[in-house]
1. Between residues in the stretch 106-121 that are within 25 Å of V166 (Cβ to Cβ) and residues that are open to solvent by 30 Å² or more (accessible area, probe 1.4 Å) and basic (K, R), which pairs lie under 8 Å by C-beta distance while being six or more apart or on different chains?
2. Out of L144, L171, L125, L73, report the one residue that is surrounded by 21 or more Cβ atoms within 10 Å (Cβ to Cβ), out of contact with any Phe, Trp or Tyr (no Cβ under 8 Å at 6 or more places or on another chain), of a type in the set (A, V, I, L, M) and more than 20 Å from S226 (Cβ to Cβ).
3. Looking at the stretch 189-247, which of the residues that are of a type in the set (G, A, S), assigned to a loop (DSSP other than H, G, I, E, B) and at pLDDT 95 or above is surrounded by the fewest Cβ atoms within 10 Å (Cβ to Cβ)?
4. Just wondering, is there one or more residues in the stretch 158-169 that are at negative phi, part of a helix (DSSP H, G or I), under 16 Å from the mean Cα position of the chain (by Cα) and of a type outside the set (A, V, I, L, M, F, W, C)?
5. Kindly indicate whether V139 is under 12 Å from P174 (Cβ atoms), touching an Asp or Glu at 6+ places or on another chain (Cβ under 9 Å), buried (at least 20 other Cβ atoms within 10 Å of the Cβ) and not hydroxyl-bearing (S, T, Y).
6. Report whether or not I84 is closer than 23 Å to T33 by Cβ and either in a strand (DSSP E or B) or free of Cβ contacts under 8 Å to residues at least 12 places away in the same chain (or both).
7. When the residues of the stretch 20-58 are narrowed to those that are in contact with a Phe, Trp or Tyr (Cβ under 6 Å, 6 or more places away or on another chain) and in a helix (DSSP H, G or I), which ends up surrounded by the most Cβ atoms within 10 Å (Cβ to Cβ)?
8. Scanning the stretch 76-101 for residues that are open to solvent by 30 Å² or more (accessible area, probe 1.4 Å) and of a type in the set (A, V, I, L, M), which turns out farthest from T142 (Cα to Cα)?
Amino acid sequence: MTTTSAGVQTTLSVPARFRGPEGIANGGWVAGTLAATLADRLDCAHALEVTLRRPVPLDTDVIVGHMANSASLSLDGEVLAEAIPVAMNVTPPPFVPFAEAARAEAGFAGLTGPHPAPGCFVCGLRDPGDGLRIFPGPVEGTDLVAAGWRVPVTVTDDDGVVPDAVVWAALDCPSGWANAANAANGGPGLLGRITGQVFRRVYPNGTYSVVARATGREGRKLFGESAVYEVDGTLVAAAKATWILPA
């Protein structure tokens with residue numbers, strides 16, 4: 001991420017590393033980055049809801065704006081994304097132990113069939129250390145998908161901390177893959193809205209369970225919930241998401 005300030009205007013440029021579908025930024029990473037700018041201004045713990053109105057281009061300066069208790073990204077006068085604080089209203093999918101979550105990866109639809117976004121920072125078939133390589137597959141006997149997340153040291157910031165934007169990214173794709181069976185093309189479409197909250201830090205070289213489930217459908221909208229857990233079952237972060245299928 002590159003940010004600069006000019007007076008009250010701040011710009012953000014998303015490096016190509018943090019892509020989702022080809023040519024555009026990963027929705028979870030963008031949402032988490034925008035949410036972090038608002039959380040810093042509010043200086044308190046809130047769940048934050050981010051609505052993604054348009055895809056965010058890569059390697060392009062977009063404007064970060066703040067007004068009262070909201071934040072936005074815009075390009076050429078068009079709003080791309082908006083963030084607001086909300087009450088968290090989500091029951092996280094239940095904990096899946098790391099070993100079981102890791103076994104579920106063998107059934108990941110992006111490995112067993114065509115992957116709609118093979119270059120995705122989160123769930124794409126990227127080199128170890130480059131992407132997150134979170135491959136959520138079905139957990140036998142449940143309605144869950146899960147993956148074992150092995151956090152690469154290469155996703156830390158200059159202080160050695162895993163940014164919340166990376167955690168939001170980890171929460172993003174799994175709820176989409178939980179809905180893959182509802183999407184004709186084998187993928188969930190594009191992230192339209194995500195409400196998330198990070199409760200605890202994620203550490204580089206740590207191992208975590210990422211769990212998700214589909215929660216419904218309304219026309220072209222698919223709904224899901226996701227969570228990140230420590231190996232002892234402690235909840236690290238949770239989110240609910242709305243995915244939009246192409247017309």
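The values are calculated or read from the model by the stated rules, or taken from the named source; none is laboratory data. None of the values given here were measured: they were computed from a predicted structure. Quick reminder, even Gly has a Cβ in these numbers, built from the backbone with ideal geometry, and neighbours come from all protein chains shown. All accessible areas refer to the heavy atoms of the entire protein, side chains included, with ligands and DNA or RNA removed. Shrake-Rupley method; radii C 1.70, N 1.55, O 1.52, S 1.80 Å.
1. Close Cβ pairs satisfying both conditions: G119/R19; C120/R19; F121/R17; F121/R19.
2. Going through L144, L171, L125, L73 in turn, just one is surrounded by 21 or more Cβ atoms within 10 Å (Cβ to Cβ), out of contact with any Phe, Trp or Tyr (no Cβ under 8 Å at 6 or more places or on another chain), of a type in the set (A, V, I, L, M) and more than 20 Å from S226 (Cβ to Cβ): L73.
3. Within the stretch 189-247, the match that is surrounded by the fewest Cβ atoms within 10 Å (Cβ to Cβ) is G233.
4. Within the stretch 158-169 (the criterion being at negative phi, part of a helix (DSSP H, G or I), under 16 Å from the mean Cα position of the chain (by Cα) and of a type outside the set (A, V, I, L, M, F, W, C)), the answer is yes, since at least one residue qualifies.
5. Here the answer is yes, as V139 does meet what is asked.
6. yes
7. Residue satisfying both the conditions and the ranking: G28.
8. V79
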